[in-house]
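These notes concern the structure reproduced below.
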Amino acid sequence: MARLDVLIVGAGFAGLYMLHRARRAGLSAHVLEKGGGVGGTWYWNRYPGARCDVESMSYSFSFSEELQQEWTWSHRYATQPEILAYANHVADRFDLRRDITFGTSVTAASWNEKELCWEVETAGGGRRQARFLVMATGCLSVPKLPDLPGLATYEGRVLHTASWPREGVDFTGHRVGIIGTGSSGIQSIPLIAKQAGHLTVFQRTPNFSIPAWNAPIPPEREREMKRRYADLRAKSRASYAGDYADEGYVTILDLGEKEREEAFEKRWREGGFNYQYAFSDIMVSEEANRLAAEFVHNKIREIVHDPKTAEKLCPKDHPIGAKRLCVDTDYYETYNRPNVSLVDLREEPVTGFTAQGLRTAKAEYSFDTLVLATGFDAMTGALTAIDIRGSEGRLLRDAWKDGPAAYLGLAIAGFPNLFAITGPGSPSVFANMVLAIEQHVEWLGNLLEHAKRHGIARIEAEETSQAEWVRRVTEGADRTLFPKANSWYVGANVPGKPRIFMPFADGFCVYERICNDIAAAGYEGFRLSHVEEHAA
Ligand code: NA7
């Protein structure tokens with residue numbers, strides 16, 4: 001079996017760029033991808049209304065000036081088909097497909113200490129060997145089914161937003177039920193409601209959603225942004241969230257009531273995440289956060305005609321922003337449609353399913369199709385689903401039974417030569433994901449080049465550096481209001497998952513500086529060994 005330098009799992013944005021970067025370093029590299037095409041989460045999440053919640057001009061690769069100049073985004077926030085078309089364009093433009101095997105799931109990977117390589121098994125019984133194994137498996141790639149009693153009793157069609165049929169679904173005239181009001185639910189509900197005969201939304205926890213005000217990008221704006229692209233990208237890299245929007249420049253508690261209302265109104269009118277990031281204090285001060293939340297509650301009450309429905313839609317159990325903000329088109333307006341009803345599962349929990357629908361503590365509901373918008377086993381799910389065995393055969397699942405631990409969110413003690421792109425403990429979902437991916441791939445590409453140049457065969461995170469890093473990530477998050485919500489950031493949406501704050505919350509720019517300092521200090525915190533050293 002020919003041994004590769006680098007085996008990459010996943011052909012989403014991370015896998016594509018990792019392959020390109022590894023080739024540039026003169027390393028042999030190959031990608032194994034479960035899906036039938038590139039795009040990762042954008043390959044699978046084809047539900048109606050699926051869009052990125054980061055602006056397209058920002059949520060795109062910056063590593064190639066030609067690429068960013070030649071590609072044209074149609075809208076402020078791109079749709080899933082457009083993002084998928086972009087991923088395909090990247091694959092073709094950089095001739096990546098010849099080193100990708102599609103339709104291949106990795107089931108196991110074991111570290112061979114004698115040979116200093118990873119041995120990887122795939123679902124069809126295939127085997128590969130590589131010196132380095134890069135998990136580009138994504139933060140939101142393992143769909144989570146709800147833990148509801150008796151779902152199998154239901155005889156209608158069941159769909160999950162994150163594994164949507166490729167051919168699409170026609171809901172015309174159908175009675176549809178949807179469980180889940182996170183981003184996927186909030187994006188799909190308005191579009192399903194337009195088609196369906198009736199849509200019943202089963203909501204356990206309301207979420208905060210800010211309008212996208214999505215619209216085509218005017219050609220003159222596109223030209224202007226492309227002219228300034230280098231500056232915009234530099235600004236993104238120097239920011240908290242990895243984006244070029246102005247952030248942290250208003251302190252809510254410094255403002256009087258009138259100015260405060262105007263400040264909230266301005267960000268509501270601008271739309272999107274900047275409702276959170278424009279303010280320096282709403283994620284650290286409970287009072288500032290309460291005011292920001294109250295403004296949104298009042299917007300919901302203005303938009304939704306039925307006061308009882310409006311009240312049910314107002315999130316009151318968590319600080320605004322502590323669960324990822326949703327960015328919507330006509331979400332709250334949809335509840336004014338006569339064919340849409342909202343069921344509050346806190347008032348009437350699901351007690352079971354029937355052949356035609358579901359039963360709650362108060363009533364029975366029937367529908368032809370049930371849509372599960374119930375999210376993901378985020379950030380760790382794709383890694384722990386594979387039998388990854390490190391030194392002495394230790395399973396990653398076991399090593400992480402009390403919560404994920406990874407140095408820089410990138411490398412794991414006891415798992416030499418294994419790297420996780422945007423793994424737990426890195427900014428990942430707290431930053432513009434494409435930039436977070438670029439930063440990790442570039443940093444790792446440099447490390448692999450360094451290893452090649454210096455004959456280093458084994459790279460392992462030191463246990464003490466890893467423990468220190470995990471502590472730092474936790475302490476950073478604890479200085480904010482983020483851990484105060486039962487979010488997928490802390491694994492709260494998966495029963496039994498250890499509660500640990502997974503993203504690095506001190507900011508993308510801080511993280512990148514730390515990574516660069518570590519590299520400049522000779523990869524501090526990593527044990528780098530030459531073959532001879534290892535043999536000795
Ligand atoms: P999310 O944000 O995890 O949302 C999942 C939703 O499903 C949320 O409203 C959950 O309610 C609900 N849910 C999950 N399990 C159940 C059960 N058993 N009963 C009722 N309701 C349930 O996933 P999304 O796919 O929407 O978005 C994930 C990210 O993708 C998003 O943040 C963007 O970054 C893109 P809960 O809040 O747990 O009460």
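Helix 13-24 and the longest principal axis of the C-alpha atoms of the chain enclose an angle of approximately 20°. Reported to the nearest whole Å, the Cα centre-to-centre distance from the stretch 337-388 to the stretch 212-252 is 37. Cross-link reach is defined here as a Cα-Cα straight distance under 15 Å, omitting same-chain residues fewer than 8 places apart; for K497 the aspartates and glutamates meeting it are D147, D377, D398, D402. The length gained by stretching the chain between R98 and R223 to full extension, at 0.36 nm per residue less their Cα-Cα distance, is 41.6 nm. With a simple spin-label model that places each label point 7 Å from the Cα along the Cα-to-Cβ direction, the separation between K401 and K308 comes to 4.9 nm. In terms of its alpha-carbon gyration tensor, the stretch 186-300 comes out oblate; a/c meets the 1.5 threshold, while b/c is at least as large as a/b. Neighbours of S465, meaning other residues whose beta-carbon lies under 14 angstrom from its beta-carbon, give a summed charge of -3 when Lys and Arg score +1 and Asp and Glu score -1. Here is the link list: K226/K316; K144/K266; K401/K452; K258/K316; K226/K484; K235/K266. Which ones come out longer than 31 Å on Cα distance? Distance filter (> 31 Å) returns K226/K316; K144/K266; K401/K452; K226/K484. Dipole of the chain computed with +1 at Lys/Arg Cβ and -1 at Asp/Glu Cβ about the Cα centre; of P81, A436, S366, farthest Cα towards the positive end is S366. The calculated FRET efficiency for the pair N298 and A361, based on their C-beta separation and a Förster distance of 35 Å, comes to about 0.70. What FRET efficiency, computed as 1/(1 + (r/R0)^6) with R0 = 41 Å and r the Cβ-Cβ distance, is obtained for N112 and L67, rounded to the nearest 0.05? Step by step, r from the Cβ atoms, then E = 0.65.
Across the options I252, A278, A288, the greatest Cα extent toward the positive end of the charge dipole of the stretch 247-291 (unit charges at beta carbon of Lys, Arg, Asp, Glu) belongs to A278. The stretch between K484 and D231, if pulled fully straight at 0.36 nm per residue, gains 87.5 nm over its current Cα-Cα span. Restriction of the GluC sites (Glu not before Pro) in the stretch 344-404 to DSSP coil positions whose beta-carbon has at most 14 other beta-carbons within 10 angstrom yields E347. Annotation: extensible slack from E347 through R499 equals 52.1 nm (criterion: 0.36 nm per residue apart, minus Cα-Cα distance).
Centre-to-centre, using Cα atoms only, the stretch 466-536 and the stretch 47-125 are separated by 24 Å. Suppose only helical runs count, i.e. DSSP H with n ≥ 4. What mean residue ellipticity at 222 nm does that imply for the chain under -39500 (n - 2.57) per run, divided by all residues and rounded to the nearest 500 deg cm²/dmol? -9500 deg cm²/dmol, from helical runs alone. Close amide H pairs (under 5 Å, H built 1.01 Å from N) link T351 with R359, T360, A361, residues at least 5 positions away or on another chain. Taking the accessible area of the chain, probe 1.4 Å, and keeping the other protein chains in place, the carbon and sulfur fraction comes to 50%.
The values are calculated or read from the model by the stated rules, or taken from the named source; none is laboratory data. All values reported here derive from a predicted model rather than from experimental measurement. Because the Cβ atoms are built from the backbone with ideal geometry, glycine has one as well, and the counts that use them run over all protein chains shown. Only protein heavy atoms, including side chains, enter the accessible area calculation; ligands, DNA and RNA are left aside. Shrake-Rupley method; radii C 1.70, N 1.55, O 1.52, S 1.80 Å.
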